[in-house]
1. Please go through region 39-54 and pick out each residue that is outside any strand (DSSP E or B) and either within 9 Å of the ligand (Cβ to nearest atom) or closer than 19 Å to residue 67 by Cα (or both).
2. Out of curiosity, is residue 59 in contact (Cβ under 8 Å) with a residue 12 or more places away in the chain, surrounded by 11 or more Cβ atoms within 10 Å (Cβ to Cβ), assigned to a loop (DSSP other than H, G, I, E, B) and touching a strand residue (DSSP E or B) at 6+ places or on another chain (Cβ under 9 Å)?
3. Quickly run through region 65-80 and pick out the residues that are in a loop (DSSP other than H, G, I, E, B), in contact with a strand residue (DSSP E or B) (Cβ under 6 Å, 6 or more places away or on another chain) and within 16 Å of the ligand (Cβ to nearest atom).
4. If we keep just the residues of region 1-15 that are closer than 17 Å to residue 74 by Cα and at pLDDT below 95, which is surrounded by the fewest Cβ atoms within 10 Å (Cβ to Cβ)?
5. Restricting region 22-35 to residues that are within 14 Å of residue 64 (Cβ to Cβ) and more than 7 Å from the ligand (Cβ to nearest atom), which is modelled with the lowest pLDDT?
Ligand SMILES: [Zn+2]
């Protein structure tokens with residue numbers, strides 16, 4: 001039995017929570033509205049790398065609220081930089 005290479009990780013769709021950045025033009029996959037950057041708000045988006053059969057197919061963006069409302073279709077988002085909300 002040959003040992004499995006460490007790089008042979010299962011590639012699955014995954015989600016992360018990020019701040020919406022200035023100049024963002026991405027549309028939410030749920031409500032189809034642009035994820036607008038608002039200078040005085042710290043709005044969050046969920047970015048999902050979508051894999052099918054181990055192959056990356058696309059990135060989807062969601063308002064964090066829409067993502068929760070959609071029942072977290074790509075699993076619970078990982079926060080890259082943990083911080084308190086609000
Ligand atoms: Zn939305």
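1. Just the residues of region 39-54 that are outside any strand (DSSP E or B), to begin with: 39-43, 53-54.
41, 42, 43 - these are the residues of region 39-54 that are outside any strand (DSSP E or B) and either within 9 Å of the ligand (Cβ to nearest atom) or closer than 19 Å to residue 67 by Cα (or both).
2. no
3. Those that are in a loop (DSSP other than H, G, I, E, B), in contact with a strand residue (DSSP E or B) (Cβ under 6 Å, 6 or more places away or on another chain) and within 16 Å of the ligand (Cβ to nearest atom): 74, 77.
4. Within region 1-15, the subset closer than 17 Å to residue 74 by Cα is 10-15.
Of the ones still in play, those that are also at pLDDT below 95 are 10-14.
On the way: 10: 6, 11: 13, 12: 12, 13: 16, 14: 15.
Out of the qualifying residues, it is 10.
5. 24
The values are calculated or read from the model by the stated rules, or taken from the named source; none is laboratory data. Here the structure is a predicted model, which means the values were calculated and not measured. Cβ atoms come from the backbone with ideal geometry, glycine included; neighbour counts cover every protein chain shown.
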